[in-house]
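Colleague: This is the structure, below, for whatever I ask next.
The values are calculated or read from the model by the stated rules, or taken from the named source; none is laboratory data. These numbers come from a predicted model, not from an experiment. Just so you know, the surface numbers come from the protein's heavy atoms only, side chains and all, with ligands and any DNA or RNA stripped out. Shrake-Rupley method; radii C 1.70, N 1.55, O 1.52, S 1.80 Å.
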Amino acid sequence: MDAKSSLTGKKAKSVTFMLEDGRITDHGKVLKCEPLHLLSFTWNMTGDETPREQPTRVTFILQPMDDSTLKLTLRHEELLETDFVYDDHTFEGLYNGWPAILSNLKSLLETGRTLPPITVDRDN
């Protein structure tokens, strides 16, 4: 899946994730943004009909460890039991995709190249 993400507005108030054909797959509202330190936003999946009291929340925290090392912490909170897919051979489920995304980010930062695209069937 080739996807793009964007934060909209000069002082970003929303975040959208879209496929190359322009279809929006996920969207949310920026809750907190501290440049070079923290980004937190709500996460809503297009087509998700799961009854929720509130959307899930994603937070990225960057913490300097020394002069040349940053620690990245990712939290995806407010998940329901139905958000989990107990299958190691899929990227479905709100927590199964994060290892692939973080591996891709690591590859990009270390080599300047991303990993090959993955395919997720969003129509079923």
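Colleague: Give me the percent of the accessible area of segment 58-109 that comes from carbon and sulfur atoms, probe 1.4 Å, all protein chains in place. Walk me through the numbers on the way to the answer.
Modeller: Details: 2080 of 3690 Å².
So the carbon and sulfur contribution to the accessible surface is 56 percent.
Colleague: Moving to a separate point now. ³J(HN,Hα) across segment 108-116 via Karplus (A = 6.51, B = -1.76, C = 1.60, θ = phi - 60°), whole Hz, x for Gly/Pro?
Modeller: 4, 5, 7, 10, x, 10, 8, 6, x
Colleague: Leaving out ligands and nucleic acids, note down the accessible area per residue over segment 34-106 with a 1.4 angstrom probe, in whole Å². Display every interim value, and only then the final one.
Modeller: Values: 5120 Å² over 73 residues.
With all protein chains present, segment 34-106 gives 70 Å² per residue.
Colleague: Also, quick follow-up: Once the piece of chain linking Glu77 and Gln54 is laid out straight, how much longer is it, given 0.36 nm per residue of separation minus the C-alpha distance between them?
Modeller: Details: separation 23, 0.36 × 23 = 8.28 nm, distance 1.05 nm.
Fully extending the segment from Glu77 to Gln54 adds 7.2 nm.
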